[in-house]
1. So which residues in the stretch 96-122 are part of a loop (DSSP other than H, G, I, E, B) and surrounded by 15 or more Cβ atoms within 10 Å (Cβ to Cβ)?
2. Check off (1) open to solvent by 20 Å² or more (accessible area, probe 1.4 Å); (2) at positive phi for GLY88 and give me the number that stays unchecked.
3. For the stretch 173-191: of the residues being touching a residue at least 60 places away in the same chain (Cβ under 8 Å) and surrounded by fewer than 16 Cβ atoms within 10 Å (Cβ to Cβ), which is farthest from ASP215 (Cα to Cα)?
4. Looking only at the stretch 123-172, filter to residues that are open to solvent by less than 10 Å² (accessible area, probe 1.4 Å) and among the small types (Gly, Ala, Ser); which one of those is farthest from the chain's Cα centre (by Cα)?
5. Among (1) surrounded by fewer than 20 Cβ atoms within 10 Å (Cβ to Cβ); (2) farther than 29 Å from VAL156 by Cα; (3) not small (Gly, Ala, Ser), where does ARG93 come up short?
6. Any residue in the stretch 261-272 that is in contact (Cβ under 8 Å) with a residue 24 or more places away in the chain sitting within a Cβ distance under 8 Å of a residue that is of a type in the set (D, E, K, R)? List the pairs, counting only those 6 or more apart or interchain.
7. Go through the residues of the stretch 26-39 one by one and say whether even a single one is outside any helix (DSSP H, G or I) and touching a residue at least 24 places away in the same chain (Cβ under 8 Å).
8. Return a yes/no flag: does the stretch 176-185 have any residue that is assigned to a strand (DSSP E or B), β-branched (Val, Ile, Thr) and under 19 Å from ALA59 (Cα atoms).
Amino acid sequence: MDETDQVSGGSPAQSVSFCGCGFILGYELGVIQALQELAPEMLGSAAKFFGISSGAIAAAVLACGGNQEIVDEIYSEVMEKSKKSLLGPYSPRFHFLKLLEKGLRKGLTENCHQLASGRLHIGLTRLPDGQKVVISDFCSKEEVIQAVLCSCFIPVIWGWIPPSFRGVRYIDGGFTSLHPLSDPETTIYVSPFAGENDICPRDCPAAFYSIKVLDFSFQISVENLCRISYGIFPPLYLDPTVVWTPGLQAYWDLERNLREMWNQGYHDTIYYLQMKKQQLLY
C-alpha cells in the first residue's frame, strides 16, 4: 500500500510544537518534510507553531508561510561551515548567529510578522532574572528574526553579549524549558529524543523509564544519551576515525549521519500518522 494512502484521512491538528535539539535539527526537518508530503492539512490548518532554541527556527519559518527549504539551507550552511575546524561550531571563527540571521533575512517575507503574530510562539529565557518568556506578538520582520536569535543564543559559545528583543536581553529558551507548554489535546509534540511525545523515536515502550525535565519528556536510554551528545556536538565529531584523521579526511560521515537523522524523523512521522488514522477508525 502506498504511504500516502496509509496516512490520509486524519483530522488536522491545531498546533505543532518543536523542542530544542541543537545540531540534530535534521530530525525535525525530516518531520516537516513528511507532514508537507503526507498530511499537508496539518501544517496548513495549524493555529499555532511553538518552538524553543533550534526548534524556534522551524516554527518561525512554518508560521510565516515559508517551507522547509529555508531551514534546510540554514542548517546545511551551518554544518558546512562547522567542518572547517577541529573545534567545529565552537571555533572562535564560527559565527552561528550571523549565519542564522542571514538565512532568516533571505528566507522570510517582509510581512512575515503579520503572519507570525498570534500564530508563532517562541520560548526565551529572560535576563537577568532567568524567567521563561513566550513571545507571540511581532511588529516587524526584524522582531521575528530577533526573537529567533534570542531563543538560540548560548552564552559564551555564541558570544558574550546576548541579543535583545524590545530592549530586553534574552538567552536560549532551552535553559528554562525544552518544550513550550500548550494544550496536549490539540498539539503535536515533535522531539528527536525518545519519550512521551507524539512524534519521536521509539526506543523502548516502557513508560516508567521516562522522566520529565524542563517541561520535556525524556526516556532514559543509551540511544537518547547518544542523541544528547549529537545535539551538543555534530555527529561527525564523535567519530574517532574522523577526529584523529590527519587533514580532516572522511567528512563524508557528516552527510551520512545527517541523512540518517532526517530519515528517522520522516519515518517516525509516518508511524505517528498511521497510528492517528487507526485511532480515528476505531
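1. Just the residues of the stretch 96-122 that are part of a loop (DSSP other than H, G, I, E, B), to begin with: 108-111, 117-119.
Selection gives LEU108, SER117, ARG119.
2. (1)
3. Residues of the stretch 173-191 touching a residue at least 60 places away in the same chain (Cβ under 8 Å): 173-174, 177-180, 182-183, 186-191.
Next, from what is left, pick out any that are surrounded by fewer than 16 Cβ atoms within 10 Å (Cβ to Cβ): 183, 186.
Numbers: ASP183: 13, THR186: 17 Å.
Only one residue fits best here, namely THR186.
4. Within the stretch 123-172, the match that is farthest from the chain's Cα centre (by Cα) is ALA147.
5. (2)
6. GLY265/GLU28; ASP268/ARG202; ILE270/GLU3; TYR271/ARG202; TYR272/ASP198
7. yes
8. The initial filter retains those residues of the stretch 176-185 that are assigned to a strand (DSSP E or B), namely none.
Within the stretch 176-185, none of the residues are assigned to a strand (DSSP E or B), β-branched (Val, Ile, Thr) and under 19 Å from ALA59 (Cα atoms).
The values are calculated or read from the model by the stated rules, or taken from the named source; none is laboratory data. As the structure is a prediction and not an experimental result, all values here were calculated from the model. Backbone-built Cβ (ideal geometry, glycine too); neighbour counts: all protein chains shown. Accessible surface areas use protein heavy atoms only, side chains included; no ligands, DNA or RNA. Shrake-Rupley method; radii C 1.70, N 1.55, O 1.52, S 1.80 Å.
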